[in-house]
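Participant: Before I ask anything, here is the structure I am working with.
Where a number appears in this text, it was derived from the coordinates with a stated rule and is not lab data. Treat the numbers as computed from the prediction; the structure is a model and nothing was measured. All Cβ positions, even for glycine, are placed from backbone atoms using ideal geometry, and neighbour counts span all protein chains on display.
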Amino acid sequence: MSETTAPATDKALIQGINIHNPDALHVENAEILRRFPFERNMFALLARSRGLFPPLWDWLHRLLDGKTRTIQLLDYQLVVLRMAGSVGAEYLFSINEPVSKVFEMGAEKIDALRKGLKSEELFAMGTWTERQQCIITLVDESLATFTNKEETITWAKSLMSEDEVVELFIVLGMYSMLARLTRGLRVQPDPPIPHLEQTASRAITKNANDP
């Protein structure tokens, strides 16, 4: 795990809303969450932002939907897991791991991403495609310096469309915010969710660019 792992704590620093018995300020956001097939502590925490939560929720749904997402499903998951493993955002990693498993990223790759291995260690595994190596490099550079080498972007444009490259950055930015939220406020692990992988496979879909 990354050296940036947050200090351990046995409680959240701010609790999410109670979606089954919300206070008057959060009734509408609680109703939105009750329509989702399973509960997540992160979602309940996001719902405390009364006005910003609905568009954030819509954004997340559009990312999960292959009809509105441009990048391949495992491209998006690779961005999230690489970022989360690198900064020690275990909660965020754990809620995306089942999705990556369902769509067959592979246990060895997932474990290496969780450990936050350096890119040269990852690439030495010999299991990452050129596209995946490029995405990892793009994420690593952006996390380290908030910018990228021109040659990295040129490499990315040789492997995917400009629209896809831009969407990779959007995903990285959004999930980096979620990593800060979940680590900074010590979001606690969710209780086991029955049949999670089956539910995830129905809620998250591939698009025309997926293999």
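Participant: How large is the charge dipole for region 24-64, taken about the Cα centre, if only the Cβ atoms of Lys, Arg (+1) and Asp, Glu (-1) carry charge, to the nearest 20 debye?
Facilitator: Dipole magnitude for region 24-64 comes out near 60 debye.
Participant: 5 Å is the cut-off here: which amide hydrogens, built 1.01 Å from N in the peptide plane, fall below it relative to GLN188, excluding neighbours closer than 5 in sequence?
Facilitator: So GLN188 has HN proximity to no qualifying residue.
Participant: Continuing with the same structure: What's the angle, to the nearest 10 degrees (0 to 90), between helix 162-184's Cα axis and the longest principal axis of the chain?
Facilitator: The two axes meet at around 50 degrees.
Participant: Label region 24-64 by shape, choosing from rounded, prolate and oblate, from the square roots a ≥ b ≥ c of the eigenvalues of the Cα gyration tensor; if a/c is under 1.5 it is rounded, and otherwise prolate applies when a/b is larger than b/c, oblate when it is not.
Facilitator: Cα axes put region 24-64 in the oblate bin.
Participant: List the GluC sites (Glu not before Pro) in region 70-116 that DSSP assigns to loop (not H, G, I, E or B) and whose Cβ has at most 14 other Cβ atoms within 10 Å. Which are they?
Facilitator: Taking region 70-116 and a limit of 14 other Cβ atoms within 10 Å, the loop GluC sites (Glu not before Pro) found are GLU104.
Participant: Okay, moving on. Evaluate the relative contact order of the chain (contact order divided by residue number), counting alpha-carbon pairs under 8 angstrom at least 6 apart; express in whole percent.
Facilitator: In percent, rounded to a whole number, it is 33.
Participant: So, one more: Using the Cα centre of the chain as origin and beta-carbon charges of +1 (Lys, Arg) and -1 (Asp, Glu), tell me which of MET83, THR137, LEU185 is placed farthest towards the positive end of the dipole.
Facilitator: After comparing all options, I get LEU185.
Participant: Taking only the alpha-carbon atoms of region 18-112, what semi-axes of the equivalent ellipsoid follow from 5 times the gyration tensor eigenvalues under a square root, in whole Å, largest first?
Facilitator: That gives 28, 15, 12 Å for the three semi-axes.
Participant: Let me ask another. Rounded, prolate or oblate: which fits the chain when a ≥ b ≥ c are the square roots of the eigenvalues of the alpha-carbon gyration tensor, with rounded for a/c under 1.5 and prolate only if a/b beats b/c?
Facilitator: prolate
Participant: Additional query: Beyond a 30 Å Cα-Cα separation, which of these cross-linked pairs lie in this structure: LYS11/LYS206; LYS67/LYS118; LYS11/LYS149; LYS115/LYS157; LYS115/LYS149?
Facilitator: Among LYS11/LYS206; LYS67/LYS118; LYS11/LYS149; LYS115/LYS157; LYS115/LYS149, the Cα-Cα distance tops 30 Å for LYS11/LYS206; LYS67/LYS118; LYS11/LYS149.
Participant: Considering only C-alpha atoms, what is the centroid distance from region 151-166 to region 75-102, in Å?
Facilitator: About 22 Å separates the Cα centre of region 151-166 from the one of region 75-102.
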